[in-house]
Amino acid sequence: MSTSDCLFCKIVSGEVPAKIVRESERTVAFRDINPQAPTHVLVIPREHHPNAAALAAADPALLGEVLTEAHRVAVDEGIADSGYRLVFNTGAQAGQTIFHVHVHVLGGRDLNWPPG
Ligand code: AMP
Ligand code: ZN
């Protein structure tokens, strides 16, 4: 499944460039263009699914692989021990702007919660 006007499908196909940090057969990880922390990487499945719940329903093993890859990114970035945050925004009011599921891997500084 893919949508021709999806930015992240274009990153998967190579049509849009990205700073790719990891790839697996079914996933791609690349640096966020507007980083909110010293490490800010997005991990996506190559297949188009609109959000985490849709991916969980369609292919739970692939959602598991996205999370495994997110942890590997944290290890590669040296933040697995200090700590990192995984975020799936779902829906416009949560701030989801790209409707191809992606998990944000954030770390490398103290992440205050709640925000603001
Ligand atoms: P979200 O708000 O959860 O939908 O996250 C979308 C994220 O994609 C934002 O953090 C953007 O900074 C990021 N983003 C948008 N365009 C690009 C791009 N071309 N390459 C890398 N990250 C991008
Ligand atoms: Zn897509």
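Derivation of every value follows stated rules applied to the coordinates shown; laboratory data play no part. Remember, it's a predicted structure, so these values are computed and weren't measured experimentally. Note: ideal-geometry Cβ built from the backbone for every residue, glycine included; neighbour counts use all protein chains shown.
Laid out as a table, the results:
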| read-out | value |
| --- | --- |
| Sole residue being among the β-branched types (Val, Ile, Thr) and away from ligand 2 (no atom under 13 Å from the Cβ), chosen from ILE11, ILE44, ILE20 | ILE20 |
| Selection from the stretch 40-55 of residues that are more than 13 Å from ligand 1 (Cβ to nearest atom) and touching a residue at least 40 places away in the same chain (Cβ under 8 Å) | PRO45, GLU47, HIS48, HIS49, ALA54, LEU55 |
| Residue tally, condition closer than 19 Å to THR97 by Cα and aliphatic (A, V, I, L, M), over the stretch 1-21 | 5 |
| Long-range neighbours under 8 Å by Cβ, at least six apart or interchain, first residue over 20 Å from HIS40 (Cβ atoms) and of a type in the set (Lys, Arg) within the stretch 1-29, second more than 15 Å from ligand 1 (Cβ to nearest atom) and part of a loop (DSSP other than H, G, I, E, B) | ARG26/ARG46; ARG26/GLU47 |
